[in-house]
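Below is one structure, written out as structure tokens; the observations come after it.
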Amino acid sequence: MRSRCRTLCSFLLVSVFFGGTFVAAKAGQADVPPLLLVALRFDIAAVLLLGYVVLSTPRSEWLPTSRGDVAAILAAGLLAIGLSNGLLFVGQGSVSSSVAAIVFALVPIFAPLFAGGLLADERLSAAGGVGTLVGLVGVGLVIDISPSTVAQTVDGGAAIVLAGAMSLALGTVLIRRADSGLSSTVRTAWALPISALLLHGLSLRAGESLAAADWTLGAIVSLGYLSVLAGAVAYIYYFGLVDEIGATRSSLVFYASPVVATLGGWLLLGESVSATTITGFGVVVVGFAIIGHESLAPVVRRVLGRSTDRWGPVETRGN
């Protein structure tokens, strides 16, 4: 029971922090070039997390010792963190927070496809498939996709964000396939400097420079959020979920992220929220219920059982 509750809390925490990424990225790009912003994000996150690992973990536990360790670090640093975020930040320059979030919510669609070919122990069940499709319909409603707007959604910036989603899904599956003996925290600490170096290289190649950045209060707050909460903290919990519940199930955090991104965009950036969006929230909840009914049912029964024990059985009295 305690393990299930911890997994659920980790899932919710990652969903919120990742959802806020889309809002902070959109706000930060008003003052800092996109690739430079995400590169600086991982510079700070790498320093924080590496310092934490060095101070809190015995050396024998944070040094890579096998090919699996190295493969997992490279998959995380190059694909799951570096390239996916670089593409997300570049693509989001021309789309709203909610559009970027919904396109990135396709990660749970790509992850099972990659996992089916690369992992022997992960197959999407019938209920999982139905729940995934229902959830995707819900996040589609959140941004009010229609036949007249779908072409715009998958074109331009959204297409770049889509490539980022595919990079994250493939990286997540390859991490699982590598079967590393390192903890998710240590693995992420090694991966973040690789991501930062990759993104600094891409930033220089794109012609971005530090002189072009305008360090307003909004830019500093955005970078702080992206580095600490949506960077070091969120990735520790996310890759911990990958180790605990698998690549396919952990990728479902990206179904909850559009809810956070849409609300954050509305509250902080003035992006509109329609009645269709609210309906989409409800559909997403239904999708989650379908996907997680087998694992959530025991938790609900346990909670209800405790409530009955606490308040005593309900008595029925006759006349």
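The values are calculated or read from the model by the stated rules, or taken from the named source; none is laboratory data. Keep in mind it's a predicted model, so treat the numbers as computed, not measured. FYI the Cβ positions are ideal-geometry reconstructions off the backbone, even for glycines, and counts take in every protein chain you see. Accessible surface is based on the protein model in full, side chains and every heavy atom, while ligands, DNA and RNA are left aside. Shrake-Rupley method; radii C 1.70, N 1.55, O 1.52, S 1.80 Å.
What nm value, rounded to one decimal, do you get for the distance between Ala289 and Leu133 when each label is placed 7 Å out toward the C-beta?
My value for the distance between the label points is 1.9 nm.
Taking square-rooted eigenvalues a ≥ b ≥ c of the alpha carbon gyration tensor, is segment 70-120 rounded, prolate or oblate, where a/c under 1.5 means rounded and, failing that, a/b exceeding b/c means prolate?
Because a/c hits 1.5 or more and a/b fails to exceed b/c, segment 70-120 counts as oblate.
Quick one: grab the alpha carbon gyration tensor of segment 1-138, order the square roots of its eigenvalues as a ≥ b ≥ c, and give me rounded if a/c is under 1.5, else prolate or oblate depending on whether a/b is larger than b/c.
Here segment 1-138 falls in the oblate category.
Express the carbon and sulfur contribution to the solvent-accessible surface of segment 1-104 as a percent, rounded to the nearest whole number, probe 1.4 angstrom.
Accessible surface attributable to carbon and sulfur in segment 1-104 totals 68 percent.
Over segment 1-71, with a single point scatterer placed on each C-alpha, what log10 of the ratio I(q)/I(0) does the Debye formula yield at q = 0.13 1/Å?
-0.68
Given a 1.4 angstrom probe, what's the average accessible area per residue across segment 23-99, in square angstrom?
40
Could you please report the charge total around Ala72, scoring K, R as +1 and D, E as -1 over all other residues with beta-carbon less than 14 angstrom from its beta-carbon?
+1
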